[in-house]
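See structure below.
The values are calculated or read from the model by the stated rules, or taken from the named source; none is laboratory data. Every value quoted in this text rests on a predicted model; they were computed, and no experiment measured them. All Cβ positions, glycine included, derive from the backbone under ideal geometry; neighbour counts span all protein chains shown.
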Amino acid sequence: MQDRRHFIKVGLVGTAAFATGCTSEPAQEAIPATLPTGSTVQGPLVLSTWIHGKPANAKAWEVLSGGGNVLDAVEQGVAVVESDFTNRSVGLGGLPDRDGHVTLDACIQDHDGRAGAVAFVQRYEHPVSIARAVMERTPHVLLVGAGAERWASENGFSPRHVEVPEVRAKWQEWLKKGEYKPVANIENHDTIGMIAMDAQGRLAGSCTTSGMAYKVHGRVGDSPIIGAGLFVDGEAGAACATGVGELVIRTAGSHTVVELMRQGMEPTAACKEAVRRIIKQNREMKDAQVGFLAIRKDGAYGAWSVYRGFDFALRTPDRDELVDAGYDREWP
């Protein structure tokens, strides 16, 4: 399997060259900036995971700049990536499970803690929008599988058949050995999570993924789990996660980050503590990347990961760039 992400070492902090689409040639090269300690923004702020966060942030910023609310921004932002069928870790272009099915998970949460999520959904282009509808139209938080699909159809969402020849070919090649071995910083870990703050200080977040490639049919990771892949509390802050979902679920990772900020911890320090709890809990962390993004209610923001190589897209009134997160360990 060709990696969607290729990292090269430059100096101590490194740089990154990224391959997207259906070829192995880099479509874009980005040199992540270094995250300043104690970064704080007054006004609109958008953070999202990985390089595909750049187009997502652009859409979210367009919504915020046009007077839209922050919940619209995080929904429409990640929807851009869901519609990119060259993306192998988000949306209907994602790599399938070991039975050949592309299954999608997503969630969304607003400033007041209202939340919606769907998991194990097939054939719907925008699971994040279904998640929002679950939040706004039902008393529930999470719908899954066939029930979620039926509810989506009954509520105006139309299924879409997408067949990507490259994805089918990769799956058929994988079947020859059937080995499952996640590798840090490639498509198995490239969920898009987005957290944002508007000019009025209101927070929201979203998360969407096709999950780990060649997972057991029926597996659901952290992305649609409120408190794991995403947590928003307007009184404290917002956080989202990317990486091996099982590790994030076991520690309620995003909730942990927000609660640490509630206790007064800086966002980067809170992300670092959540990462170190995961490392402490799991003796074998080889190839197991996890990263967190955080925004505190005052506009301070930060990030941290297990391994070097986790970068995120940052958009503020005066910055639009890819930023290297801090990390505990070198990779590779």
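Output the qualifying pairs, or none if there are none: Cβ atoms under 8 angstrom, residues six or more apart or on different chains, first residue in the stretch 133-144 and under 11 Å from Gln109 (Cα atoms), second residue crowded, with 16+ Cβ neighbours inside 10 Å and of a type in the set (Asp, Glu).
Matching pairs, first to second residue: Met135/Asp110.
Counting just the residues of the stretch 227-256 that are of a type in the set (A, V, I, L, M, F, W, C) and touching a Cys at 6+ places or on another chain (Cβ under 6 Å), which one comes out farthest from Thr49 (Cα to Cα)?
Initial filter on the stretch 227-256 (of a type in the set (A, V, I, L, M, F, W, C)): 228, 230-232, 236, 238-241, 244, 247-249, 252.
With touching a Cys at 6+ places or on another chain (Cβ under 6 Å) added as a condition, the list becomes 230, 240.
Working: Leu230: 12, Cys240: 9 Å.
Of everything passing the filter in the stretch 227-256, Leu230 is farthest from Thr49 (Cα to Cα).
Going through the stretch 34-83 one residue at a time, which ones are of a type in the set (Gly, Ala, Ser) and either in contact with a helix residue (DSSP H, G or I) (Cβ under 7 Å, 6 or more places away or on another chain) or outside any loop (DSSP other than H, G, I, E, B) (or both)? If you could, list the steps in order and put the result at the bottom.
From the stretch 34-83, those of a type in the set (Gly, Ala, Ser) are 38-39, 43, 48, 53, 56, 58, 60, 65-68, 73, 77, 79, 83; that's our starting set.
Of everything in the stretch 34-83, those that are of a type in the set (Gly, Ala, Ser) and either in contact with a helix residue (DSSP H, G or I) (Cβ under 7 Å, 6 or more places away or on another chain) or outside any loop (DSSP other than H, G, I, E, B) (or both) turn out to be Ser48, Gly53, Ala56, Ala58, Ala60, Ser65, Ala73, Gly77, Ala79, Ser83.
Scan Thr268, Thr251, Thr256 and give me the residue that is in contact with a strand residue (DSSP E or B) (Cβ under 6 Å, 6 or more places away or on another chain) and of a type in the set (Ser, Thr, Tyr). It would help to see each step written out before you state the result.
On the way: Thr251 fails: in contact with a strand residue (DSSP E or B) (Cβ under 6 Å, 6 or more places away or on another chain); Thr256 fails: in contact with a strand residue (DSSP E or B) (Cβ under 6 Å, 6 or more places away or on another chain).
On inspection, the qualifying residue turns out to be Thr268.
Search the stretch 266-288 for residues being of a type in the set (Asp, Glu) and modelled with pLDDT under 95, and hand back the single one that is farthest from Gly302 (Cα to Cα). It would help to see each step written out before you state the result.
Here is the first cut: in the stretch 266-288, the residues of a type in the set (Asp, Glu) are 266, 273, 284, 287.
Now drop any that are not modelled with pLDDT under 95, which leaves 284, 287.
Values: Glu284: 26, Asp287: 23 Å.
The residue in question is Glu284.
Can you tell me which residue in the stretch 96-114 is farthest from Leu142 (Cα to Cα), limited to those that are buried (at least 24 other Cβ atoms within 10 Å of the Cβ) and in contact with a helix residue (DSSP H, G or I) (Cβ under 6 Å, 6 or more places away or on another chain)?
Only one residue fits best here, namely Leu104.
Considering only the stretch 189-207, state which residues are within 30 Å of Lys170 (Cβ to Cβ) and either touching a Cys at 6+ places or on another chain (Cβ under 8 Å) or without any contact (Cβ under 8 Å) to a residue 12 or more places away in the chain (or both). Write out each step before concluding.
Initially, the stretch 189-207 is screened for residues within 30 Å of Lys170 (Cβ to Cβ), giving 189-194, 206-207.
Of everything in the stretch 189-207, those that are within 30 Å of Lys170 (Cβ to Cβ) and either touching a Cys at 6+ places or on another chain (Cβ under 8 Å) or without any contact (Cβ under 8 Å) to a residue 12 or more places away in the chain (or both) turn out to be Thr191, Ile192, Gly193, Met194, Ser206, Cys207.
Just to check your reading of the model, which residue among Glu246, Glu266, Glu259 is closer than 19 Å to Phe312 by Cβ and either of a type in the set (Phe, Trp, Tyr) or surrounded by fewer than 24 Cβ atoms within 10 Å (Cβ to Cβ) (or both)? Steps first, please.
Details: Glu246 fails: closer than 19 Å to Phe312 by Cβ; Glu259 fails: closer than 19 Å to Phe312 by Cβ.
Only one candidate qualifies: Glu266.
Between a first residue in the stretch 253-268 that is on the phi < 0 side of the Ramachandran plot and a second residue that is assigned to a loop (DSSP other than H, G, I, E, B), which pairs have beta carbons less than 6 Å apart while being 6 or more apart in sequence or on different chains?
Every condition considered, the pairs that remain are Gly253/Ala228; His255/Gly227; Val258/Ala236; Met261/Ala236; Arg262/Ala236.
Which of the numbered conditions does Gln122 fail, given that it passes all the others? Conditions: (1) closer than 26 Å to Gly205 by Cβ; (2) in contact with a Phe, Trp or Tyr (Cβ under 8 Å, 6 or more places away or on another chain).
(2)
Find the residue count for the stretch 57-93, including only residues that are free of Cβ contacts under 8 Å to residues at least 40 places away in the same chain and hydrophobic (A, V, I, L, M, F, W, C). Let's see the steps before the verdict.
Going through the stretch 57-93, the residues free of Cβ contacts under 8 Å to residues at least 40 places away in the same chain turn out to be 59, 62-63, 65-68, 72, 76, 80, 84.
With the extra rule that they be hydrophobic (A, V, I, L, M, F, W, C), the set shrinks to 63, 80.
Qualifying residue count, the stretch 57-93: 2.
Out of curiosity, is Ala313 in contact with an Asp or Glu (Cβ under 9 Å, 6 or more places away or on another chain), on the phi < 0 side of the Ramachandran plot and not in a helix (DSSP H, G or I)? Full working, then the answer.
Working: in contact with an Asp or Glu (Cβ under 9 Å, 6 or more places away or on another chain): yes; on the phi < 0 side of the Ramachandran plot: yes; not in a helix (DSSP H, G or I): yes.
Against the criterion (in contact with an Asp or Glu (Cβ under 9 Å, 6 or more places away or on another chain), on the phi < 0 side of the Ramachandran plot and not in a helix (DSSP H, G or I)), Ala313 qualifies.
Which of the residues that make up the stretch 42-53 are of a type outside the set (Ser, Thr, Tyr) and surrounded by 20 or more Cβ atoms within 10 Å (Cβ to Cβ)? So that I can check it myself, show each step before the final result.
The initial filter retains those residues of the stretch 42-53 that are of a type outside the set (Ser, Thr, Tyr), namely 42-47, 50-53.
Matches in the stretch 42-53: Pro44, Leu45, Val46, Leu47, Trp50, Ile51, His52, Gly53.
Taking the options Asp298, Asp222, Asp287, Asp320, name whichever one is assigned to a strand (DSSP E or B) and not aliphatic (A, V, I, L, M).
Numbers: Asp298 fails: assigned to a strand (DSSP E or B); Asp222 fails: assigned to a strand (DSSP E or B); Asp287 fails: assigned to a strand (DSSP E or B).
Asp320 is the lone residue from the list that is assigned to a strand (DSSP E or B) and not aliphatic (A, V, I, L, M).
I need a count of the residues in the stretch 126-152 that are assigned to a helix (DSSP H, G or I) and either surrounded by 13 or more Cβ atoms within 10 Å (Cβ to Cβ) or among the hydrophobic types (A, V, I, L, M, F, W, C) (or both).
Of the residues in the stretch 126-152, the ones assigned to a helix (DSSP H, G or I) are 127-137, 145-152.
Narrowing further to those that are either surrounded by 13 or more Cβ atoms within 10 Å (Cβ to Cβ) or among the hydrophobic types (A, V, I, L, M, F, W, C) (or both): 127-135, 145-146, 148-149, 151-152.
Residues in the stretch 126-152 being assigned to a helix (DSSP H, G or I) and either surrounded by 13 or more Cβ atoms within 10 Å (Cβ to Cβ) or among the hydrophobic types (A, V, I, L, M, F, W, C) (or both): 15 in total.
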